[in-house]
Amino acid sequence: MSKKDKIETFEVDDVNLVPELLDGKHHVIPIVTGGDEPVEEVEVPEIIPILTLRSSVLFPGAITPITVGRDKSINLVRAVNAEGGILGAVLQRESDVEDPAPDDMYKVGTAARIIKILEMPNGNLTVILNGLEKIEITEYITTEPYFKARVTALRDSTPDLKSIEFEALVDSIRDVALNIINVSPSMPKEAAFAIKNIDSKRGIINFICSNMELTDEDRQSLLEAPGLLARARKLLEILIREQQLAELKNQIQERVKQEIDKQQRDYYLQQQMRTIQDELGDGADADIEKMREAAKKKNWPKEVGETFEKELQKVERLNPAVAEYSVQMTYLNLLLELPWNDVTKDNLDLNCAREQLDRDHFGLDEVKERILEHLAVIKLKGDLKSPILCLYGPPGVGKTSLGKSVAAALDRKFGRISLGGLHDESEIRGHRRTYIGAMPGRIIQTIKRCGSSNPVIILDEVDKVTVSNHGDPSSALLEVLDPEQNTTFHDNYIDMEYDLSKVLFIATANNIANIAPALRDRMEMINIPGYLVEEKVRIALDHLLPKQREAHGIKEQEMTMSAETVEGIVSGYTREAGVRSLDKNLAKIARARAKQIAFDEAFTPEITAKDVEKILGMPKFLREEYEVGGMTGVVTGLAWTEVGGDILYIESVLTPGKGKVSLTGNLGEVMKESATIAHEWVMAHHKELGIDPAMFEQNDINIHVPEGAIPKDGPSAGITMVTSIVSTYTGRKVKERIAMTGETTLRGRVMPVGGVKEKILAAKRAGITELILSEENRKDIAEIKEDYIAGLTFHYVKTNDEVLKLALEK
């Protein structure tokens with residue numbers, strides 16, 4: 001070094017101060033002061049001892065404390081110190097190698113002089129080395145008792161110290177190093193003081209190379225740089241990288257600290273809130289304990305209890321503020337509220353049950369007998385898998401309300417599920433508990449609401465379930481309504497099996513054709529046809545009228561009605577199989593009477609036919625509407641509709657033309673085919689029927705079904721069309737008060753049709769006395785009560801010829 005440069009060293013008497021001074025690492029002591037004059041060359045011997053360093057790189061011009069602990073290194077240090085010579089400090093490639101060989105060490109190191117040796121309490125030495133000159137090892141001479149090697153001095157090339165580029169590099173290095181010290185909490189602040197006070201450009205570069213927290217590989221690459229300018233460039237590159245890492249590390253730590261602070265704050269507040277709630281006795285822990293106590297009293301399967309306890313323990317580990325907490329609590333509350341094995345005791349007094357059914361509903365004998373059979377088996381056996389009954393028939397005949405009567409007769413809880421328009425399978429099976437809005441299916445909800453596992457549940461309008469992209473609910477109902485499967489019904493929400501075998505399901509439907517075949521196969525189908533006029537009168541007087549009086553606040557003595565008046569309402573203002581329209585008309589009369597009472601108007605308690613006409617208006621349906629017998633080409637047919645049976649008329653007329661057949665009346669494809677078949681059959685049998693063939697060529701025929709705004713379809717009008725066409729071509733009149741239903745074939749055979757019960761009731765309401773049916777429909781008539789067919793004459797036919805003989809006059 002030049003005479004103008006001054007090396008300052010710290011005298012360290014107490015070895016315990018060294019770790020504090022050096023931060024327990026290989027930080028150097030700032031020593032270079034003075035100008036940037038050329039450094040005096042140091043005479044480095046050709047052969048010198050080599051001290052291997054584990055994780056330190058000594059730079060020329062720097063003073064660095066080195067901890068020496070290996071025996072070979074201790075012997076080397078003591079020998080060199082005794083002789084006052086120079087040693088070479090070289091970094092070994094792998095720090096964990098305990099006894100390195102020559103190949104384990106880098107080739108470039110630094111020649112150094114020992115300034116002072118400190119004896120450490122643990123037997124190690126702390127040696128303060130003064131870096132002199134960079135050296136390169138050419139070959140190792142000996143390895144024992146320590147390494148000696150032949151070396152070559154490598155003097156750093158010195159750039160023009162007044163160069164703008166070099167000056168800018170040094171300033172940038174200084175600024176970046178200071179910034180790293182500011183943002184890095186692990187860097188000693190004394191280093192910033194030293195960097196600011198070192199004026200030598202060479203000194204600042206070597207000081208930062210030694211003192212900054214860099215990897216050993218980076219330090220070695222800096223030492224091996226071919227000159228001071230190259231070292232400065234590489235050092236700036238490394239420092240900028242370290243600065244970016246330090247800033248990024250600080251940002252990450254700050255975000256983590258903020259998040260931890262927020263969590264600690266939330267935890268502290270939650271603990272305070274829990275403490276307050278515990279003092280008040282209404283905390284989350286108290287709720288959980290209440291649920292655990294309630295679970296001990298539950299009569300549920302063992303696996304349900306195990307699942308409940310497992311889910312409850314999961315809740316205990318959750319923060320009440322998180323969304324999952326409320327989801328879990330809702331689920332656990334449902335498990336507690338479900339009845340599981342809790343059932344109500346059935347009323348097995350069969351006479352009492354029969355009285356209950358008869359009191360609530362008039363007629364419906366087949367359904368009542370089926371319920372009583374079910375009770376009888378339970379009474380004898382003690383247990384029975386509940387059957388699934390499906391009551392089908394027109395609206396207003398009491399299918400839904402029958403469920404309440406059955407529940408009352410059995411002394412069971414009652415629930416109702418409306419399936420009309422249902423299109424989502426999860427409404428039956430429930431939603432999976434993967435989101436906050438999840439809920440159990442309607443079956444489980446209804447059972448929870450009933451509070452017992454053996455209620456009577458009405459599945460209303462099962463024929464109106466629809467299919468959508470959310471699944472097929474009717475397929476989900478298969479498991480519910482199959483007695484062999486519903487013992488292990490799986491709801492997605494509770495995610496456990498639930499026994500539905502004790503539930504008495506009663507399904508209702510208007511049109512069984514709309515029910516999926518697989519679903520229909522699992523139910524016991526019971527038909528409920530429409531009511532006769534006499535039955536409607538009884539229902540009105542015994543059930544509907546008292547209900548309307550109570551609903552409108554009218555006393556029994558303030559509104560009475562005779563059977564004749566009710567019959568007039570039934571025949572003149574209703575045209576249905578059930579009693580819904582009748583109930584609406586009675587409600588309208590009740591409102592009129594309530595108004596008279598409220599205004600203190602004078603009135604007589606009994607409602608007369610004149611009062612009915614004044615309130616309801618003129619009769620909408622007149623008997624003469626049905627009396628169309630004795631006409632040519634007009635025949636009365638019978639049709640089935642969703643509201644019960646109805647009559648329809650087939651009219652035909654001839655006009656001059658070329659044999660064209662026209663069909664009008666909003667007919668469906670099947671009905672159009674029936675008309676075509678009927679006309680073809682008539683043309684094929686014109687000789688037997690006495691029709692001149694020229695009539696087919698010289699006339700057009702129009703076949704019409706009145707009420708054209710109403711769509712009509714089905715094969716039931718086949719023989720009716722044959723009769724109308726033959727009557728038109730022959731001029732023979734149709735007999736009075738006769739109606740018919742049946743399908744025809746091209747060969748003149750009469751085929752059976754469905755909906756016979758509803759059609760017969762419609763015929764009787766219309767005043768028809770004779771009915772023509774297919775021979776194969778005879779079995780259907782045998783199943784009908786005699787009250788329904790009293791006053792009717794049935795003719796069973798096999799061919800169209802028999803139909804014409806019965807329907808047309810001579």
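Quick one: check the C-alpha center-to-center distance for segment 777-792 versus segment 602-621, whole angstrom.
Taking the Cα centre of segment 602-621 as reference, the centre of segment 777-792 is 35 Å away.
Give me the distance between the Cα centres of segment 361-417 and segment 312-356, rounded to whole Å.
25 Å
Using 0.36 nm per residue of separation minus the Cα-Cα distance, give me the extension gain between THR488 and GLU46 in nm, one decimal.
Details: separation 442, 0.36 × 442 = 159.12 nm, distance 9.38 nm.
Gain in length upon complete extension: 149.7 nm.
Ranking ILE784, ILE114 by Cβ neighbours within 10 Å, fewest first, what do you get?
Details: ILE784 15, ILE114 21.
Fewest-to-most Cβ neighbours within 10 Å comes out as ILE784, ILE114.
Starting from the eigenvalues of the Cα gyration tensor, five times each then square-rooted, give me the equivalent ellipsoid semi-axes of segment 624-807, largest first, whole Å.
Over the Cα atoms of segment 624-807, the semi-axes work out to 26, 17, 15 Å.
For helix 756-765, what angle does its Cα long axis make with the longest principal axis of the chain, in degrees from 0 to 90 and rounded to 10?
Between helix and principal axis, roughly 50 degrees.
How much length, in nm to one decimal, is gained on full extension between GLU775 and VAL97, taken as 0.36 nm per residue of separation minus their Cα-Cα distance? Intermediate values should be presented prior to the final figure.
Values: separation 678, 0.36 × 678 = 244.08 nm, distance 10.91 nm.
This chain segment gains 233.2 nm when fully extended.
In degrees, nearest 10, range 0 to 90: what is the angle between the Cα axis of helix 302-316 and the longest Cα principal axis of the chain?
50 degrees
Going highest first, how would you order 663-673, 723-733 by mean Cβ packing within 10 Å?
Numbers: 663-673: 15.5, 723-733: 22.7.
Ranking the peptides 663-673, 723-733 by packing returns 723-733, 663-673.
Going by how many other beta carbons lie within 10 Å of each one, how would you line up VAL68, VAL304, VAL406, fewest first?
Numbers: VAL68 22, VAL304 19, VAL406 27.
Lowest to highest Cβ neighbour count: VAL304, VAL68, VAL406.
Need one number: nm distance between label points at GLN244 and LYS785, each 7 Å from Cα along Cα→Cβ, rounded to one decimal.
Spacing of the two 7 Å Cα→Cβ label points: 9.4 nm.
Where the centre of each part is set by its Cα atoms, how far does segment 67-108 sit from segment 674-747, in angstrom?
Taking the Cα centre of segment 674-747 as reference, the centre of segment 67-108 is 123 Å away.
Express the Stokes-Einstein translational diffusion coefficient of segment 284-337 in µm² s⁻¹, to the nearest whole number, given a Kirkwood radius over alpha-carbon pairs, 20 °C and a viscosity of 1.002 mPa s. Walk me through the numbers on the way to the answer.
Working: Rh = 11.3 Å.
So the translational diffusion coefficient is about 190 µm²/s.
Highest mean first, how do 288-299, 444-455 rank when packing is the count of other Cβ atoms within 10 Å averaged over residues?
Values: 288-299: 12.9, 444-455: 19.1.
So the order, starting with the most tightly packed, is 444-455, 288-299.
Out of residues 5 or more away from ILE135 or on other chains, whose amide H comes under 5 Å of its own, with H placed 1.01 Å from N in the peptide plane?
For ILE135, the qualifying residues are GLY109, THR110, ALA111, LEU154.
Among THR799, THR655, what is the fewest-to-most ranking by other Cβ atoms within 10 Å?
Working: THR799 16, THR655 10.
Least crowded to most crowded, the residues run THR655, THR799.
Can you tell me how segment 117-228 classifies by the Cα gyration tensor, rounded, prolate or oblate, using a/c under 1.5 as the rounded cut?
In terms of gyration-tensor shape, oblate.
Can you give the FRET efficiency for THR793 and GLN698, using 1/(1 + (r/R0)^6), R0 = 41 Å, r = Cβ-Cβ distance, to the nearest 0.05?
Details: r = 39 Å, r/R0 = 0.95.
So, using R0 = 41 Å, E works out to roughly 0.60.
How big is the C-alpha Rg of segment 350-527 next to the rule-of-thumb value 2.2 N^0.38 Å, as a ratio? Could the numbers behind the result be given before it?
Details: Rg = 16.0 Å, N = 178, 2.2 N^0.38 = 15.8 Å.
Output field value: 1.02.
Pick out, in residue order, every one of the chymotrypsin sites (Phe, Trp or Tyr not before Pro) in segment 549-627 that is DSSP loop and has at most 16 other C-beta atoms within 10 Å; say none if there are none.
Values: sites: TYR573, PHE599, PHE603, PHE621, TYR626; in loops: PHE599, PHE603, PHE621.
Listed in order of number, the matching sites are PHE599, PHE603, PHE621.
What would the Debye equation give as log₁₀ I(q)/I(0) for the chain at q = 0.07, 0.08, 0.10, 0.11 Å⁻¹, counting only Cα atoms as equal point scatterers?
The Debye formula, applied to the Cα set alone, gives -0.73, -0.86, -1.10, -1.17.
Quick one: helix 399-410 against the long Cα principal axis of the chain, what's the angle to the nearest 10°, folded into 0 to 90?
So the inclination is approximately 80 degrees.
Counting only C-alpha contacts under 8 Å and six or more residues apart, can you give the relative contact order of the chain as a whole percent?
This gives 7 percent for the chain.
Over segment 331-437, what relative contact order in percent results from Cα pairs under 8 Å that are six or more residues apart? Numbers along the way, then the final one.
Working: 51 pairs, mean separation 37.7, N = 107.
Relative contact order of segment 331-437: 35 percent.
Kindly state, as a whole number, the per residue volume in cubic angstrom of the convex hull around the alpha carbon atoms of segment 533-616.
Working: hull volume 6.7 nm³, N = 84.
Taking the convex hull of the Cα positions in segment 533-616, it is 80 Å³ per residue.
At a Förster radius of 35 Å, what calculated FRET efficiency corresponds to the Cβ-Cβ distance of LEU269 and GLU337, to the nearest 0.05? Write out the running numbers ahead of the final one.
Details: r = 32 Å, r/R0 = 0.91.
It comes out at approximately 0.65.
Out of residues 5 or more away from TYR649 or on other chains, whose amide H comes under 5 Å of its own, with H placed 1.01 Å from N in the peptide plane?
Those qualifying (amide H under 5 Å, at least 5 residues apart or on another chain) are GLY637.
Rounded to the nearest 0.05, what FRET efficiency is calculated for GLU316 and GLU190 with R0 set to 60 Å and r the Cβ-Cβ distance?
On the way: r = 53 Å, r/R0 = 0.88.
Rounded to the nearest 0.05, the efficiency is 0.70.
Go through 310-319, 482-491, 388-397 and give me the packing order, highest mean Cβ count within 10 Å leading. Could the numbers behind the result be given before it?
Working: 310-319: 13.0, 482-491: 16.5, 388-397: 23.4.
Top of the packing list down: 388-397, 482-491, 310-319.
Can you compute the helix-only [θ] at 222 nm over the chain? Use -39500 (n - 2.57) per DSSP H run of at least 4 residues, normalise by all residues, nearest 500 deg cm²/dmol.
Details: 30 runs with 346 residues, N = 810.
It comes out at -13000 deg cm²/dmol, rounded to the nearest 500.
Of HIS431, ALA509, VAL634, which is farthest on the positive side of the dipole of the chain, counting Cα position, with +1 on Lys and Arg Cβ, -1 on Asp and Glu Cβ, and the Cα centre as origin?
Checked the options; the winner is VAL634.
Any read-out appearing in this document is the output of simple, stated calculations on the displayed coordinates, not a laboratory observation. Just so you know, these numbers come straight off a predicted model, no measurement behind them. We place every Cβ from the backbone using ideal geometry, glycine too, and count neighbours over all the protein chains shown.
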